[in-house]
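Working notes for the structure below.
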Amino acid sequence: LTLSRLLFIQNGLVTLGTNNLTIGHNAFIFNPFNTNYVNTSSTGELRKRFDLTTPTAFNFTVGNGGYSPNQVCFLSWTLAPGSYLASRTVNAKHPQNNCISDYLNRYWTVLPSGISNFSTNNRFNYQNSDVVGTEASIYGAELTGISWTTFTPVNAAGDFFIANNISQFGDFTGGGLNCINDFDTKINAKLFLQGAYITASNSMRTDMLTEGIIP
């Protein structure tokens, strides 16, 4: 479905399921209450089209298990015909968030189509019930490809985090600074050391062990 004027969510939810809802270039959404929003219950996206006459800021009034909108403001861009930005939120821990405490039980997927050479400022609002652990220890973060970029700590009083000067979109969530970007592989290993071979005794030299250099 594509809307060209106004989506006025006066009561209830607009549940997408696997469908996409597109808001036209000069259309907008008005939801007077936080209990009314576009429910991204599955793979369906809320999409906003942009052209050179479109306001550069938009509030994606999405939610899933609670109102969790994300706002975007483009500082610069290059637009192709039919450009849009898509957003959806999932009320679950991101599958690549390695934190076992101090994280958000929510993530957003924000992806552009036909928009390049851009820079944006973004705000992501979550539910207080999404917080696991100590909220003040959680940082906003973005996953692009296989690596996380962390931002500033979340605003615990307002339940949101800021991601500014973004030039690439992806998945956004929150986690502890020392765990969300921990992709090191940890292994248990045995090390076999060899010494110089002594032909007469048919053995290897153990000088480093004798001198206490190695255990």
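The values are calculated or read from the model by the stated rules, or taken from the named source; none is laboratory data. Since the model is a prediction, treat every value here as computed from it, not as a measurement. Note: ideal-geometry Cβ built from the backbone for every residue, glycine included; neighbour counts use all protein chains shown. Note: accessible area is taken over every heavy atom of the protein model, side chains too, but ligands, DNA and RNA are not part of it. Shrake-Rupley method; radii C 1.70, N 1.55, O 1.52, S 1.80 Å.
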Worksheet, complete the sentence: Within the stretch 90-111, residues under 29 Å from residue 56 (Cα atoms) and either open to solvent by less than 50 Å² (accessible area, probe 1.4 Å) or assigned to a loop (DSSP other than H, G, I, E, B) (or both) come out as 90, 91, 94, 104, 106, 107, 108, 109, 110
Worksheet entry | Matching entry among 116, 137 (being surrounded by fewer than 16 Cβ atoms within 10 Å (Cβ to Cβ) and more than 26 Å from residue 37 (Cβ to Cβ)) | 116
Worksheet item: Out of the residues in the stretch 150-186 that are β-branched (Val, Ile, Thr) and open to solvent by 70 Å² or more (accessible area, probe 1.4 Å), which is farthest from residue 93 (Cα to Cα)?
Response: 185
Worksheet item: Taking only pairs six or more apart or across chains, which ones have beta-carbon atoms under 8 Å, a first residue in the stretch 194-215 that is in contact (Cβ under 8 Å) with a residue 12 or more places away in the chain, and a second residue that is surrounded by 10 or more Cβ atoms within 10 Å (Cβ to Cβ) and in a strand (DSSP E or B)?
Response: 195/204
Worksheet item: When you look at residue 8, is it buried (at least 19 other Cβ atoms within 10 Å of the Cβ) and aromatic (Phe, Trp, Tyr), yes or no?
Response: no
Item to complete: Might you let me know whether the stretch 130-153 holds any residue that is β-branched (Val, Ile, Thr) and in a loop (DSSP other than H, G, I, E, B)?
Response: yes
Discussion item. Considering only residues that are in a strand (DSSP E or B), closer than 15 Å to residue 122 by Cβ and in contact (Cβ under 8 Å) with a residue 60 or more places away in the chain, which ones fall in the stretch 37-74?
Written reply: 70
Worksheet entry | Failed condition for residue 194, given (1) farther than 14 Å from residue 97 by Cβ; (2) open to solvent by less than 80 Å² (accessible area, probe 1.4 Å); (3) in a loop (DSSP other than H, G, I, E, B) | (2)
Worksheet item: Which members of the stretch 69-81 meet the condition of being open to solvent by 40 Å² or more (accessible area, probe 1.4 Å) and of a type outside the set (Phe, Trp, Tyr)?
Response: 71, 73, 75, 76, 78, 79, 80, 81
Discussion item. The conditions are (1) open to solvent by 10 Å² or more (accessible area, probe 1.4 Å); (2) closer than 17 Å to residue 110 by Cα, and residue 23 fails exactly one of them. Which is it?
Written reply: (1)
Worksheet entry | Pairs with Cβ under 6 Å, 6+ apart, first in the stretch 9-33 and touching a residue at least 60 places away in the same chain (Cβ under 8 Å) and at negative phi, second open to solvent by 60 Å² or more (accessible area, probe 1.4 Å) and part of a strand (DSSP E or B) | 22/2
Fill in: Lone qualifier among 124, 192 - being within 13 Å of the chain's Cα centre (by Cα) and among the hydrophobic types (A, V, I, L, M, F, W, C)
124
Item to complete: Write out, first by first residue and then by second, each pair whose Cβ atoms fall under 8 Å of each other, whose residues are 6+ apart or on separate chains, and whose first residue, in the stretch 122-147, is among the basic types (Lys, Arg) while the second is at pLDDT 95 or above.
Response: 123/70; 123/71; 123/160; 123/161; 123/162; 123/163
